[in-house]
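Notes follow the structure.
The numbers here are math on the coordinates, done by the rules we state, and not lab data. Because the structure is a prediction, the values reported are computed rather than measured. Quick reminder, even Gly has a Cβ in these numbers, built from the backbone with ideal geometry, and neighbours come from all protein chains shown.
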């Protein structure tokens, strides 16, 4: 990783640099960035497969790599790599990563609003994996604020940025679900989470995020009850998706049956014609399969 990073920052050789040299240098930087990410993926596999050995012998040196790359004086490629590795540390090591959080997690939360879309995405995924751990509590409120700002960017849902914005939405859902007592203005953030659903881009986070949303619905929070039309539309939109767990589809069937036709007619905003048709399918499926306790 270090050698690839040095090549990233090396100027083109020679006293005179023409357009072809600059183009070749840019292509080399792109190739080196891909190579650095592949090295980082190998590192992530080591964390997962040989967790105890990694924590004992390689954790501190890996944290140094993260710190070297996330500095504000670094370019977006470096910051993305550093946060990518930091995210892997949290995801793969879980509780065993907490001891090194002071080295980079506050910076990760701050990077959720970075100007670079890839940096924002890596930071958001790191927050998503950190949020379930109790030690994230002191950072939860600031993280929710940062995620809310990132989701509200004017370009957030344009095609180029949509996948990164979905990571932001997924992280916001995790923070609200796992750290409710540490988030001021919880209802407002839940609405932002709701308005960002359903997710469609990143298969790594779609299933777990929609399961989390269903958990919130089943808990009966008033803010979701007051926005039942949107809740119902999301659930109907995601029904029987390939990323769904069996539990999620069962919960959607049960929810729709319990909702009842009269309440459906009163939903605000009302269901679209597509969703009314899908609701009929869900209810029909529910009648054909015995409802299990959810």
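Here is how the numbers come out for the structure above:
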quantity	calculated
Alpha-carbon centroid distance for the pair segment 238-294 / segment 121-165, whole angstrom	29 Å
C-alpha long axis of helix 59-70 to longest principal axis of the chain, angle in °	90 degrees
Amide N proximity, segment 76-98 versus residue 160 label position 7 Å along Cα-to-Cβ, cut-off under 16 Å	76-77
Relative contact order (%) - criterion: Cα under 8 Å, at least six apart; region: the chain	10 percent
Residue 95/residue 257 FRET efficiency (R0 45 Å; Cβ-Cβ; nearest 0.05)	0.70
Mean separation of Cα contacts under 8 Å (6+ apart) over length of segment 229-294, as relative contact order %	48 percent
In nm, spacing of pseudo-spin labels at residue 142 and residue 287 (7 Å Cα→C-beta vector)	5.6 nm
Convex hull volume per residue for segment 74-205, taking Cα atoms only, in Å³	94 Å³
Helix 137-151 vs. the chain, principal-axis angle (Cα, 0 to 90°, nearest 10)	90 degrees
Distance (nanometres) between label positions extended 7 Å along Cα→Cβ at residue 52 and residue 67	2.8 nm
Space enclosed by the convex hull of the alpha-carbon atoms of the chain, per residue, Å³	158 Å³
In degrees, nearest ten, helix 246-259 long axis to first principal axis of the chain (Cα)	40 degrees
Extension gain from residue 268 to residue 184, taking 0.36 nm per residue of separation minus the Cα-Cα distance	27.6 nm
Residue-averaged 222 nm ellipticity for the chain, from DSSP H runs of 4+ at -39500 (n - 2.57), nearest 500	-22000 deg cm²/dmol
Label-point gap, in nm, between residue 152 and residue 240 - each point 7 angstrom along Cα→Cβ	3.9 nm
